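S.K.: Mind looking over this structure? Questions follow.
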Amino acid sequence: MTTESDLILRLAQPEDCDVLFELIKGLAEYEKLSDAVTGSPAKLKEHLFGSKKYAEAILAEVNGQGAGFALFFHNYSTFLTQPGIYLEDLFILQEYRQQGIGKALLREIARIAVERNCGRLEWSVLNWNEPAKVFYRHMGADILEDWQICRVTGESLKELGVRS
């Protein structure tokens, strides 16, 4: 069982990208999407710490071992005319679940959102992931049934980007 003194949450550093990428692969395996992982630790490092930073990550460590992570970036609400934070991924390794680490990560992201004067914190959850839905509702989240994600990737994205 993890105690508060065993758990460290910290902003990821460039040297954490190998650990973060292993956790990302763990998330993909949990979501049955391992084949969708085409990136690399080097690309992750470039996007988190390069000249253009696309996202930020918080690493959860228990006794010096990577136990989970949260990766997030800013978005913007035109209705609120305020920045927001979009939580792209929140993942805890199986052996560390049910120990308060997910709650601690979500609270830390919320703290950052408040500190940065964000109007909202948002994320998506897979429709089959009932344990996550229960957890998120328990943490105070509303699951917006009327909204669905639209996504354009790969060749469709390239085609859309060159259409005139």
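S.K.: In region 45-134, which strands (runs of 3 or more DSSP E) lie fully inside it and hold 2 or more residues that are closer than 20 Å to I149 by Cβ? Show your work before the answer.
M.R.: Working: elements: 56-62, 65-77, 82-92, 120-123.
Result: 65-77, 82-92, 120-123.
S.K.: How many of the residues in region 5-55 are in contact (Cβ under 8 Å) with a residue 40 or more places away in the chain and either closer than 20 Å to Q98 by Cα or open to solvent by 50 Å² or more (accessible area, probe 1.4 Å) (or both)?
M.R.: Qualifying residue count, region 5-55: 14.
S.K.: Checking the conditions here, which among E155, E159 is open to solvent by less than 100 Å² (accessible area, probe 1.4 Å), without any contact (Cβ under 8 Å) to a residue 12 or more places away in the chain, acidic (D, E) and not in a loop (DSSP other than H, G, I, E, B)? Steps first, please.
M.R.: Numbers: E155 fails: open to solvent by less than 100 Å² (accessible area, probe 1.4 Å).
Sole residue among the options that is open to solvent by less than 100 Å² (accessible area, probe 1.4 Å), without any contact (Cβ under 8 Å) to a residue 12 or more places away in the chain, acidic (D, E) and not in a loop (DSSP other than H, G, I, E, B): E159.
S.K.: Could you list all residues from region 135-160 that are acidic (D, E) and over 18 Å from the mean Cα position of the chain (by Cα)? Working first, answer last.
M.R.: Here is the first cut: in region 135-160, the ones acidic (D, E) are 142, 145-146, 155, 159.
E145, D146, E155, E159 - these are the residues of region 135-160 that are acidic (D, E) and over 18 Å from the mean Cα position of the chain (by Cα).
S.K.: Go through region 115-125 and give me each residue that's under 23 Å from I101 (Cβ atoms) and open to solvent by 60 Å² or more (accessible area, probe 1.4 Å).
M.R.: E115, R116, W123
The values are calculated or read from the model by the stated rules, or taken from the named source; none is laboratory data. As the structure is a prediction and not an experimental result, all values here were calculated from the model. When we count neighbours, we look across all protein chains shown, and the Cβ atoms used for this are built from the backbone with ideal geometry, even at glycine. Side chains included, ligands, DNA and RNA excluded: accessible areas come from the protein's heavy atoms. Shrake-Rupley method; radii C 1.70, N 1.55, O 1.52, S 1.80 Å.
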